[in-house]
1. Local charge sum around Val113 (other residues, Cβ-Cβ under 14 Å, Lys/Arg +1, Asp/Glu -1)?
2. First select every other residue whose beta carbon is under 12 angstrom from the beta carbon of Gln59; then total the charges, Lys and Arg +1, Asp and Glu -1.
3. How charged is the neighbourhood of Gln90? Take every other residue with its Cβ under 14 Å from the Cβ of Gln90, and add Lys/Arg as +1 and Asp/Glu as -1.
4. Suppose each label sits 7 Å from its Cα in the direction of the beta carbon; what would the Gln59-Ala109 distance come out to in nanometres?
Amino acid sequence: MHQSEAGMEKRRRKGKLADDRNDRASSNRRTLRRLYEDLFSADERAALADAVASSDLEQEVALLRVLIRRGVAEGVDLETLSRSLGRLVQMLRVQRVIQGQAAKSLDEALGRVLEEIGNEMGI
């Protein structure tokens, strides 16, 4: 077999393995959904379906903010409040990544750095 043909065959097999893994993962997710489906009410299943269709965390962030405010009003301990705020920060970071803002901010920062370096070098 010619070297390029061998390379093509290797890539084809790699692609097939990746497809097989994706198929198994998808099947596992469907099985888990069926496994826990009876634990949810019809309203909860509908809400979960909406959440899956949504591509952001806005409602979850809003919910966590409400729960944090309630915790403060009820006088929860500082450790619980601190963990809750940490989770909020994590969710906001993930939200930025989902929305592509993290990459945009990084691109902008790199652009500024390169521009500064160019200015210093007189380019």
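Every read-out reported here was derived from the displayed coordinates using simple, explicitly stated rules and does not represent laboratory data. The structure displayed is predicted, hence computed values, not measured ones. Backbone-built Cβ (ideal geometry, glycine too); neighbour counts: all protein chains shown.
1. Net local charge, Val113 excluded: -4.
2. My count for the surroundings of Gln59 gives -3.
3. +4
4. 3.2 nm
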